[in-house]
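Engineer: What follows is a structure written as structure tokens; I'll ask about it next.
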Number of protein chains: 2
Amino acid sequence: MLSTTESAEPVGRREQNKIDTRRAIADAAFDLARSEGPGAFTAEQIAARAGVSRRTFFNYFHSAEDALAVRIDGFLELALGVFGRLPQDEPLFDSIIRAFSETTRMEGLSQHGELFRMANSDPDLLRAQLHSWERAEVLIAEALRRRLGPATHDLYLTALVGSVLSCTKAAMRDWAATTAEDATDSGEQLEARILAALTMLRDGFSGPVAVPLADGTAGAGDGAGSQPAEAAVPPPHRLA
Amino acid sequence: MLSTTESAEPVGRREQNKIDTRRAIADAAFDLARSEGPGAFTAEQIAARAGVSRRTFFNYFHSAEDALAVRIDGFLELALGVFGRLPQDEPLFDSIIRAFSETTRMEGLSQHGELFRMANSDPDLLRAQLHSWERAEVLIAEALRRRLGPATHDLYLTALVGSVLSCTKAAMRDWAATTAEDATDSGEQLEARILAALTMLRDGFSGPVAVPLADGTAGAGDGAGSQPAEAAVPPPHRLA
DNA sequence: CGAATAGTTGCACGCCGTGCAATCTGGTGC
DNA sequence: GCACCAGATTGCACGGCGTGCAACTATTCG
């Protein structure tokens, strides 16, 4: 299982404490958001639940919403990590698609669905999440530049990365809105949507792409009335 | 000249006062951001400069940053308006491209460049701007659904609109970073970038598209090393 | 004009986010 | 083990934020 915190490196007590604290705060924030509702709790409450002072909370996060949105950062950093480990000689879009596909296997995926829904009723949380995507955009653009070469035009890079993330975001929104995340195939549901959205992007949105369902039939992906094509995962390269 | 506030409708005193106040506040905020630097002024100062009370400021905007970001909303609403007035039978991407192209002729375009640069040094301003794009995404998706038909799949719509806006955003960022906005061809510079970015999107990012320069030569749009194609505006349909 | 309605203002309150100095804790060299 | 130091936590204080509320003022309408 992919993990946000996996790191076999020997790490000192100090560093480990920081990681633990950061995690404790993020978890406390998420628990509170669940029980009290998004935007209906204070930094003080988060700190108390995490067992630190209010001041320490603000040493780790700028706001309560940031403590929630940090999970989005985790998801995107994970995807970036997977992308970096893919063979550089395969078609670019295959790498992109597989990076995000793979990342849907991460632990704690279900929380992301909740997070997206929470953002619907808390504008500040939405902003924090948008900021997370924005930060990831920069990181991914850098990684892409390393892969495509330093001469790659900026506009091409940023437009591409922005579009890819927009499609992924759209897929996750759709997934969060329509899928019960305690379902056993929740991950596959998300993966199918990401695949569909990124395939549409690769095809220049010339037409809608159906979201393949678990039972093998294609979902109602009716766009402009034409018959939607069905997306398929790229050939099964192995992770390096 | 396109205008954010143009409206020939007969409007009562009450309504006009609100419009004036809103504008006065937004202008005051922008002036302050210029003179004091983004994030270096208070709501109280904005209110004072706009000639209203602090409380009234908060009746109009949720924060100082929102008062700045409202200009982004204006730009995007303008583009949406142009899009709605285009003939519905032309190719979708032609409409999209021309809608944004056209909008670069708006008044006060230069301020947008400044706004983008300000966001680099003020995270809260960046968040407010991202929120503006997000809100516009919803509006544009609705307009697109009206055009494509109510059966259009949600994921197709949101992925498309998100990508289009990401490309436009990328174009504006690039423009803001590279172009002196007091240049006489500032508008054309932006238009060329938007055209290039949206053309790349339409082509599924199969390769970079050069940004045509005013002198007729193509700019250095070198992507993966292949020869970049040059973008061209769609045929000159007339606005309805 | 007078009543109704909509917008403005001052006030008060709890919370936010951060600089600062005191304190505590884990790492390092002896 | 002990002394020391860098780094992390904490309490405190302060200015600013964002909003509910009630009083006040301006516009609209009969």
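Engineer: Mind checking which pairs have a first residue in the stretch A:1-27 that is closer than 29 Å to A:Arg54 by Cβ and part of a helix (DSSP H, G or I) and a second that is modelled with pLDDT under 90 and more than 10 Å from DNA strand D (Cβ to nearest atom), Cβ under 8 Å, 6 or more apart or different chains?
Structural biologist: A:Ile19/A:Thr5; A:Ile19/A:Val11; A:Arg23/A:Thr5
Engineer: Sticking with this one: Considering (1) more than 12 Å from DNA strand D (Cβ to nearest atom); (2) on the phi < 0 side of the Ramachandran plot; (3) within 23 Å of the chain's Cα centre (by Cα), say which one A:Gly37 fails and leave the rest.
Structural biologist: Every condition holds for A:Gly37 apart from (2).
Engineer: Now for a separate question. Are there helices (runs of 4 or more DSSP H) fully within the stretch B:56-164 with at least 2 residues that are within 14 Å of chain A (Cβ to nearest Cβ) and surrounded by fewer than 16 Cβ atoms within 10 Å (Cβ to Cβ)? List them.
Structural biologist: B:123-148
Engineer: Let me ask you something else. Among the residues of the stretch A:42-64, are any of a type in the set (A, V, I, L, M) and under 30 Å from A:Gln189 (Cβ atoms)?
Structural biologist: yes
Engineer: Let me ask another. Just to be sure I understand the filter: pairs with C-beta atoms under 8 Å, separated by 6 or more residues or on different chains, first member in the stretch A:43-64 and on the phi > 0 side of the Ramachandran plot, second member more than 8 Å from DNA strand C (Cβ to nearest atom) and assigned to a helix (DSSP H, G or I). Which pairs pass?
Structural biologist: A:Gly51/A:Ala24
Engineer: Could you please let me know if B:Ala33 is surrounded by 16 or more Cβ atoms within 10 Å (Cβ to Cβ), within 14 Å of another protein chain (Cβ to nearest Cβ), more than 16 Å from DNA strand C (Cβ to nearest atom) and over 30 Å from A:Ser206 (Cβ atoms)? Steps first, answer last, please.
Structural biologist: Numbers: surrounded by 16 or more Cβ atoms within 10 Å (Cβ to Cβ): yes; within 14 Å of another protein chain (Cβ to nearest Cβ): no; more than 16 Å from DNA strand C (Cβ to nearest atom): yes; over 30 Å from A:Ser206 (Cβ atoms): yes.
The answer is no for B:Ala33.
Engineer: Regarding the stretch B:11-29, can at least one residue be identified that is away from every other protein chain (no Cβ under 14 Å), within 12 Å of DNA strand C (Cβ to nearest atom), β-branched (Val, Ile, Thr) and farther than 30 Å from B:Ala143 by Cα?
Structural biologist: Within the stretch B:11-29, none of the residues are away from every other protein chain (no Cβ under 14 Å), within 12 Å of DNA strand C (Cβ to nearest atom), β-branched (Val, Ile, Thr) and farther than 30 Å from B:Ala143 by Cα.
Engineer: Among the candidates A:Met172, A:Met200, single out the residue that is touching a strand residue (DSSP E or B) at 6+ places or on another chain (Cβ under 6 Å), in contact (Cβ under 8 Å) with a residue 12 or more places away in the chain, within 19 Å of B:Ala159 (Cα to Cα) and in a helix (DSSP H, G or I).
Structural biologist: A:Met200
The values are calculated or read from the model by the stated rules, or taken from the named source; none is laboratory data. On a predicted model such as this, the values are computed, not experimentally measured, just so you know. Backbone-built Cβ (ideal geometry, glycine too); neighbour counts: all protein chains shown.
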